[in-house]
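Presented below is the structure to which this report refers.
Bear in mind that the values in this text are calculations on the coordinates, not laboratory data. In this text the structure is predicted, and so the values were computed from the model without any measurement. Methodologically, a virtual Cβ is constructed for each residue, glycine included, from the backbone with ideal geometry; neighbour enumeration extends over all protein chains shown.
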Amino acid sequence: MMTGRCRCGRVAWRASASPFRSVLCHCADCRRLTGASPVGYLGFPKPVVRWEARRAFRATSAGVTRGACPACGTLLSYMCTIWPGELYLHAATLDDPEGFVPETHLHRAVREVEGTGKGDGSSPHEGSGPAASPRDRP
């Protein structure tokens, strides 16, 4: 089981299963919304994640909704219409950050310009569309 929370502690989450995916995203939206690059995410089926308080939701781009703590503003979740049954949690909100081990970098072209992520053993991916989903992998 994995747990996490926002900075102020008002909104906490608990995942009853292991993530099926762990990624580092280098896209412009993630960079600008968080002020960091790369941004770590853990992917879960929506039903395995339970919330202790309500999040505030905002559409940040076409088909993308992000959840945040309404009190402190910490970004907690990412949902996309491309992956309707999936929920991505910000790895930075983990109670135990050692539980995050990235397996893939998304938006590799940006990563190469930044010069980040070299030598960490994760696999690159050109974008974050449907082909990046674990459902499409053997």
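From the Cα gyration tensor of the range 1-91, with a ≥ b ≥ c the square roots of its eigenvalues, which class applies: rounded if a/c is under 1.5, or else prolate if a/b is larger than b/c, or else oblate?
rounded
Which of the trypsin sites (Lys or Arg not before Pro) found in the range 1-109 are loop residues per DSSP with 10 or fewer other Cβ atoms within 10 Å of their Cβ?
Those that pass, being in a loop and sparsely packed, number zero.
Extension gain Ala71-Arg50, at 0.36 nm per residue separation less the Cα-Cα distance, in nm?
Length difference between fully extended and current span is 5.7 nm.
By the scheme Lys and Arg +1, Asp and Glu -1, what is the net charge of all other residues having a beta-carbon under 15 Å from that of Ala12?
So the environment of Ala12 carries a net charge of +4.
Return the distance in nm (one decimal) between the two label points of a simple spin-label model at Asp96 and Phe20, each offset 7 Å from Cα along Cα→Cβ.
Modelled inter-label distance: 2.3 nm.
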